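What follows is one structure encoded as structure tokens, with my remarks underneath.
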Amino acid sequence: MIQQTKIQTNYGALTTLITVFFFWGFIASGNGVFIPFCKSYFHLDQFQSQLVDFAFYGAYYIGALSLFVFSALRSKDLVSNWGYKKSIVYGLLFSLLGAIAMIISVKTGSRENGFVFFLISFFILALGFSLQQTAANPFAISLGDPSTGSHRVNLGGGINSFGTAIGPIIVALALFGATHYDDNAIQTLSLNSVTTLYMGVGFLFLMAALLFAFSKKVPDGINTSEIEPAHKAMYTMIAITAGLLLCFIPVFNSYRNIPENISADLFQQIEWKRMILLFTALLVLIAGLGTAYLSSRKDGQGWGALKYPQLLLGMFAIFVYVGVEVTIQSNMGELLKSNDYGHLPTSAIPPYISMFWGSLMIGRWTGAIPVFNPSKKAKQLFMIIIPLIAFCVVLLVNTIAARDMSPLYYYVLCVLVLIVAFFISQDKPVSTLMLFSSLAMISMIIGLMTTGTVSIYAFLSGGLFCSIMWPCIFSLSLAGLGKYETQGAAFLIMMILGGAIIPPLQGKLADLKSIGIHHSYWITVACFSYLLFFAWMVKSVLQKQGIDYDKQVGD
């Protein structure tokens, strides 16, 4: 086993770094308010309105892929050569361009063509986020001992989740002048409010960029090490991208020119075709990563970071993780409207969606406790108090937003299960991921086998158990990559694409009469099963490379 000297955490740099984590959550969650406005103002159908999220998350994939291809052609890692600090500054400035583009779209667009400009603006903004994420996650890991890197990413994730929690409220205040809004408020929204909102967002991007650029506490994070050409990896990722496009384009085209009086049988046939295409997209990704895994085992030359099995396994783990995290809540609104769940009206659903995202915050706040190096007794006390405080924060934020949270008071019992799980896992990334994946699987099965409050709580608790998976997967996937770390981070960021494939795949399963919305949640069981497999597999892979990751963290 390779022994590593403990490195002190750079708290000054870490404090500055986590500001960008807040932006990701704040802006992404604000899309939930912006989507219904676009749907009303531009007269869109439900599928067209969802293109806002598709453009937003698709930009992560395209941005990270572009970074990798450019670096592969030059045989130099672009982010490493710029340094983490400059890369984040460039990413923030790129997002600033997206905010400016949004303002121009509002000023010059029309109801007939403006939505295209809006999508382009969202895409540009998210491209900046892609660069920021590619640099920020490995940067957080590098600002201290590698064995505690997942905790620093967890801290960033906790701040991200706080941004997610208050983002919709702040956006609603900026647009409507109130935290509570209805369809009438959306329909009468002034475009001047949108301009004001994005002027404020752009100002925040600029201030954050200046903070990073002139902060003496934040190291440059430059790594000028030469990396071998990764043409095999480049061609593989381009082939995967082409395959995904061949699957997505027919899905988009299938929404055109559908007659209003279409028969139920014909509609089901179209839905089957869409589902098959989405499954094919999933198989394209699996086949591409599987080919890279097998080929790089025979000869690692030309594969770059993809020659590391922990990264290839981790790429699909990130894909699955983001997909299952998003799909649980994306389809929850439809689930709660069903007869088995009380046929809840649309106005009663937001508290449940908020609690799901709040569950991520609860877990991430708890997972970040070791960053501050408390004493053993203080740590044990904080592990009990912090998640309960976070739970109260979620209730408080929603109460301020005039939402009825009384049906969720007893959800605190699920939070107590989370606390016990943290005590059992003992800060070990592999053990934590195995335990939390298992608990998530059990929760999903309970949700599938029951209805009503028990089922709702079970599905919501998926957020609690998802909460610390991202930093565990990220740090384990990058362990031992050395000079290929930022290239590996770019590959992982590409896999945020899971949020654009798995949710609509579940949606198509739900549309089939033979399955329905409730049983469509079996897809979440499959996702968590792979994450459990990844945790078991990556431990063996790292041990063969002389990296006993759980042992390092426990020491």
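The values are calculated or read from the model by the stated rules, or taken from the named source; none is laboratory data. Since the structure is predicted, the reported quantities are computational estimates derived from the model, not experimental observations. Here the Cβ is made from the backbone with ideal geometry for all residues, glycine too, and neighbour counts use every protein chain on show. In case anyone asks, the SASA skips ligands and DNA or RNA and just uses the protein heavy atoms, side chains included. Shrake-Rupley method; radii C 1.70, N 1.55, O 1.52, S 1.80 Å.
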Alpha carbon convex hull of the stretch 483-525, volume per residue in cubic angstrom: 59 Å³
Spelling out what I want: for every residue of the stretch 338-344, take phi, set θ = phi - 60°, compute 6.51 cos²θ - 1.76 cosθ + 1.60 (Karplus), and round to whole Hz; glycine and proline get x. 6, 4, 5, 10, x, 6, 5
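Can you tell me the FRET efficiency between ASN339 and CYS392 if r is taken as the Cβ-Cβ distance and R0 is 35 Å, rounded to the nearest 0.05? Each step should come with its number before you reach the end.
On the way: r = 33 Å, r/R0 = 0.94.
It comes out at approximately 0.60.
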Suppose all protein chains stay in the model; what accessible area per residue would a 1.4 Å probe give for the chain, in Å²? 40 Å²
Once both label points are put 7 Å beyond Cα along the C-beta direction, the ILE446-ALA287 separation in nm becomes 4.0 nm
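Over all alpha-carbon pairs in the stretch 273-387, figure out the percentage whose distance exceeds 19 Å.
Details: 4490 of 6555 pairs.
Within the stretch 273-387, distances greater than 19 Å cover 68 percent of Cα pairs.
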Using the Kirkwood formula on the Cα atoms of the stretch 419-555, what hydrodynamic radius do you get, in angstrom to one decimal? 16.4 Å
Theoretical gain in end-to-end length, LEU245 to ILE384 [0.36 nm per residue, Cα-Cα removed]: 45.4 nm
MET207 versus LYS376, label points 7 Å from Cα toward the beta carbon: distance in nm? 4.4 nm
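Roughly how many percent of the accessible protein surface of the chain is carbon and sulfur, given a 1.4 Å probe and a whole-percent answer?
Numbers: 14570 of 22340 Å².
Ligands and nucleic acids excluded, carbon and sulfur reach 65 percent.
From the Cα trace of the chain, what convex hull volume per residue do you get, rounded to a whole Å³?
Working: hull volume 79.3 nm³, N = 555.
Spelled out: Cα convex hull of the chain, divided by residues, is 143 Å³.
Can you tell me, using C-alpha contacts under 8 Å and at least 6 residues apart, the relative contact order of the chain as a whole percent? Provide the component values of the computation, followed by the final result.
Values: 858 pairs, mean separation 123.5, N = 555.
Averaging sequence separation for qualifying contacts and normalising by length gives 22 percent for the chain.
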Kyte-Doolittle at least -1.0, axis length at least 27 Å by Cα - qualifying DSSP helices, the chain: 11-41, 51-74, 84-108, 114-142, 149-176, 191-214, 231-253, 264-298, 309-330, 376-400, 429-449, 522-544
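What is the packing order of peptides 265-271, 129-135, 168-174, taking the mean over residues of other C-beta atoms within 10 Å and listing the highest first?
129-135, 168-174, 265-271
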Inter-label distance for ASP265 and LYS513, nm, one decimal - labels placed 7 Å from Cα along Cα-to-Cβ: 1.1 nm
